[in-house]
1. Taking the chain as a Gaussian network, where each spring joins two C-alpha atoms under 10 Å apart, which residue of R77, R13, R95 fluctuates the most?
2. Among the listed pairs K50/K90; K50/K121; K50/K105; K87/K125; K90/K125; K90/K159, which are separated by more than 29 Å between their Cα atoms?
3. Hey, got the dipole for segment 22-97? About the Cα centre, +1 on K and R Cβ, -1 on D and E Cβ, debye to the nearest 20?
4. Could you tell me the center-to-center distance, by alpha carbons, between segment 137-151 and segment 5-54 in angstrom?
5. For a protection proxy built on the mean count of beta-carbon atoms within 10 angstrom, sort 39-46, 78-85, 50-57, 67-74 highest first, please.
6. What dipole magnitude, in Debye to the nearest 20, does the chain give about its Cα centre under +1 on Lys/Arg Cβ and -1 on Asp/Glu Cβ?
7. Averaged per residue, what accessible surface does the chain expose to a 1.4 Å probe, in Å²?
8. From the residues L162, N3, V103, which one has its Cα farthest along the dipole of the chain in the positive direction, the dipole being from +1 and -1 charges on Cβ of Lys/Arg and Asp/Glu about the Cα centre?
Amino acid sequence: MMNRGEMKAYLRRKLQDEVLDYLWQDEELEDAIQDAQCEAAYRCNLIFEKDTPTTTFNTVAGVDGYAISRLFYRIDRVLVSGREIPKTTKEDVERRRCVTPSVGKPCEWFRGDDGRLHFDKAPNKEYQVKFEGCRYPAAMADDQAECEVPDDTGSIHRKLLLWAMKLLKEKEDLEVERQGDAVRHEQAFEREFGPSVNVAARVSKSLSRRHQTRVNW
């Protein structure tokens, strides 16, 4: 496992930027590293989480919407009191609430535009809720923090940094009116983690590194 300091040192070696004054400042490298680990995790669904304090909460009577970490970009299952309930849509719930009771034990769930986990009914009492899904890695708070992306082979972290090099080289290519370096790094990244996916489907990744470190996930 590599920590952020090791990732920055690796990037500087690969970019031949080890001598002061640096071409890229530490903050630029840190932002590129955060984006790279998110990109790799999203393309391959590398971080799946369940049965943790982050994915478990208790409902409150009368409240049908609950904040969950914005790092979760996909929710696969939701269980209420140990029993899985199906997914629905906001529109379907609003339509049915006109003719059916809206208070009771939750029977269906959906993820709202606000990122919260909502139920078809406002709970009539406390229920334990567990959910399972894929998420982005949390931002590394300092240079000793380790990357959350699993690295069973010992090479995944170096390979995901191809995306960081792509981002940094894009800026350099524009400044010197050159093309090629960024494209080559992007192609190498895609060979490892697959092609790009619809950007509109992953808007939450746009949370900046600095914002993520301020949020209590």
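The values are calculated or read from the model by the stated rules, or taken from the named source; none is laboratory data. Quick caveat: nothing in here was measured; it's all calculated off a predicted structure. Cβ coordinates were reconstructed from backbone atoms using ideal geometry, including for glycine residues, and neighbour counts include every protein chain displayed. For the accessible areas, the whole protein counts, side chains as well, though only heavy atoms, and no ligand, DNA or RNA atoms are used. Shrake-Rupley method; radii C 1.70, N 1.55, O 1.52, S 1.80 Å.
1. Judging by the Gaussian network model, the answer is R95.
2. K90/K159
3. That gives segment 22-97 a dipole magnitude of about 860 debye.
4. Here the answer is 8 Å between Cα centres.
5. Listed from highest to lowest mean packing, they are 39-46, 67-74, 78-85, 50-57.
6. Its charge dipole is roughly 1100 debye.
7. Dividing the accessible area of the chain by its residue count gives 55 Å².
8. Final value for the positive-end residue is V103.
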